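The values are calculated or read from the model by the stated rules, or taken from the named source; none is laboratory data. Small disclaimer: the values here were computed from a predicted structure and weren't measured. Quick reminder, even Gly has a Cβ in these numbers, built from the backbone with ideal geometry, and neighbours come from all protein chains shown. Just so you know, the surface numbers come from the protein's heavy atoms only, side chains and all, with ligands and any DNA or RNA stripped out. Shrake-Rupley method; radii C 1.70, N 1.55, O 1.52, S 1.80 Å.
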Amino acid sequence: EIGWQKWRFHLRWDMRAGLILSLANYADGDNFRSVMYQGNVSEIYVPYQDPTEGWYYRNYMDEGDYGLGTTHSPLLPGVDCPANAIYMSPVMANTAGGADELTDRVCVFERPTGDGTWRHYDLFTQDLDGRPNVELIVRFVATVGNYDYLFDWVLDNKGQLTYRLGASGLDAVKGVGAQSLSDESADADTEFGPLIAPGLAGIVHDHFFSIRLDLDIDGTANRFVRDKLVVDSDLGDSKRTSIWRTERDVASNDSEAKYRLNYDKPSLWRVESSSEENYLGYATSFALKPAGNARPLVDQDDPAVARAQFVNYHLWVTPYAADEQWAAGRYSNQSLPGQGLPAWTAAERNIENTDIVLWYTLGFHHVPSAEDWPVYNLGWNGVTLRPYNFFDENPAMDLPEAQP
């Protein structure tokens, strides 16, 4: 169990998921309020886009087939974790029935971001005030084949909780004849991925991560709300011809609660308490704040996505069930299509005023380049949970001033 600033949470290790953060609570005065019961990566899917005989089957379920706990990587001090990091050594069962201590496989460290948490300069009084932003990072690394994945929980002094995924390592390459694009065979050799070194093509591919977020906003009685941003052109005598406003939509069952990010029709995704309100009368809630994302470009019935159908939506919402932990099903290796989330959400189960789970799919397309070879630089993607009417006012007002 770890306490940092107003956060309290628990860490444990799992053979399949790696590090799991649970029982995340935030101190509001003398009261510790529940935010998340459990959060972890539920599945990783990496399909390569080369249909030829030696490549068509390369569609890896990195977590379900191999395990993130069992592919743990040593942490490199000064590179993976800074000098002020505290290291932790989880214990994990091994295949012989014993237990292994995974020495220094998790690091925890605090760092200033160099940004302000908040600031304001008053134009009339010329008063200037602000507070520095500091965050706590909980990190582990798994190396699955050629990829090194960094997994971060980031907690900050604004009451936000972020899950970040970093990718580095080696591209999966295909040996080709072309040494440069001027060679006669270059067009054929780069049909499914660009030349990234002489004689090597980096095959284009996708990465999809399912992040399981079992939220308990002020308890287990929750509901999922979309605040849809809709255009209103019926403005009477106003000189404006159109504005946008929010339109509330509460999801009633899990068969309907499947969503895709749409920048033409945006919405705010939130988990609300069914029983608690702030002093203004709003239901306390946390909002899901996505960053960049992607969806599969191939047909949904293509064999490449058959056993990983969770990738077809950016967000799924289900009622809590103890045996529903893995987005693509309990057994992913050579599994039949439709396991996991598609099967569970076919039953039209109630998700209103009950214990619910969010499954956020984070994806990106990787088109390799010369800079990716011989090892490519670390890149980050993530999603943030931020308080939305959870507090009565800005929870960072009592932060200490910056020291000169």
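Only one residue in Asp227, Asp218, Asp206 is in contact (Cβ under 8 Å) with a residue 40 or more places away in the chain and within 18 Å of the chain's Cα centre (by Cα), so which one is that?
So the residue among Asp227, Asp218, Asp206 that is in contact (Cβ under 8 Å) with a residue 40 or more places away in the chain and within 18 Å of the chain's Cα centre (by Cα) is Asp206.
Provide a single number: the residues in the stretch 293-317 that are in a loop (DSSP other than H, G, I, E, B) and either without any contact (Cβ under 8 Å) to a residue 60 or more places away in the chain or open to solvent by 10 Å² or more (accessible area, probe 1.4 Å) (or both).
Number satisfying all stated conditions: 14.
Conditions tested, residue by residue: (1) hydrophobic (A, V, I, L, M, F, W, C); (2) buried (at least 20 other Cβ atoms within 10 Å of the Cβ); (3) not in a strand (DSSP E or B).
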residue	(1), (2), (3)
Ser168	no, no, no
Ile217	yes, yes, yes
Thr241	no, no, yes
Leu261	yes, no, yes
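Could we say that Leu102 is among the hydrophobic types (A, V, I, L, M, F, W, C) and in contact with a Pro (Cβ under 8 Å, 6 or more places away or on another chain) here?
In short, yes.
Just to be sure I understand, how many residues within the stretch 170-182 are touching a Leu at 6+ places or on another chain (Cβ under 9 Å) and either buried (at least 17 other Cβ atoms within 10 Å of the Cβ) or not aliphatic (A, V, I, L, M) (or both)?
8
Here's a check for you: in the stretch 85-102, which residue that is modelled with pLDDT under 95 and polar (S, T, N, Q) is least open to solvent (accessible area, probe 1.4 Å)?
Asn94
Applying the selection to the stretch 275-292, what residues are among the polar types (S, T, N, Q) and open to solvent by 40 Å² or more (accessible area, probe 1.4 Å)?
Answer for the stretch 275-292, where residues must be among the polar types (S, T, N, Q) and open to solvent by 40 Å² or more (accessible area, probe 1.4 Å): just Ser275.
What is the one condition in (1) part of a strand (DSSP E or B); (2) open to solvent by 50 Å² or more (accessible area, probe 1.4 Å); (3) more than 25 Å from Thr384 (Cβ to Cβ) that Ala201 does not satisfy?
Condition (2) is where Ala201 drops out.
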